Amino acid sequence: MKAIAAFVLTASVAALSTPALAQFAKPEDAVKYRQSALTVMATHFGRLGAMANGKAPFDAKQAADSAAIVEYMSKLPWAGFVEGSDKAGNTKALPEVWSQPAKFKEASEKLMAETAKLSTAAKAGNLDSLKAAFGPTGGACKNCHDSFKAK
């Protein structure tokens, strides 16, 4: 009985302590994952930008839907920035992602906070609210790109 309990305990600890890379079969998969999440986010953010900048008519439902997607997607890419993915595939992530993890985490948290505000503003159903939240969200995107993405 003790042997079974020890095995279960050992297996549980091993499963819970598996490094993040285990989520991905190869480092290239992590790169594809994070790029895919960011692409979806950028597509919907672009729709919001077109409305905020008067290049597309304001549609309250589409704005709310797109902002909700942006908010959700903003939580996903960070899991794809694992060790070994810095030189894998077609990445534009700078070495600072790994050499300055606290700064990178702060930038990702700022983006998530701003996208939450954007989603709340879009749910208000008026263009002025969307415009007010769009700029700071775009600024959070730009900050991360400027600091952590190769041109």
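Bear in mind these aren't lab numbers, they're just calculated from the coordinates by the rules spelled out. No experiment lies behind these values; they were computed from the predicted model shown. Don't worry about glycine lacking a Cβ; one is built from the backbone with ideal geometry, like all the others, and counts go over all protein chains shown.
Note on segment 33-151: enclosed helices (runs of 4 or more DSSP H) holding 2 or more residues that are of a type in the set (D, E, K, R) and surrounded by fewer than 20 Cβ atoms within 10 Å (Cβ to Cβ) are 60-73, 101-123, 127-148. Within segment 55-71, the set of residues being among the acidic types (Asp, Glu) and touching a helix residue (DSSP H, G or I) at 6+ places or on another chain (Cβ under 6 Å) comprises just one member, GLU71. Between SER85, SER129, the distinction of being more than 10 Å from the chain's Cα centre (by Cα), over 17 Å from MET51 (Cβ atoms) and hydroxyl-bearing (Ser, Thr, Tyr) belongs to SER85 only.
Residues in segment 29-45 that are farther than 9 Å from LEU76 by Cβ and either in contact with a Gly (Cβ under 6 Å, 6 or more places away or on another chain) or not small (Gly, Ala, Ser) (or both): ASP29, ALA30, VAL31, LYS32, GLN35, THR39, THR43, HIS44, PHE45.
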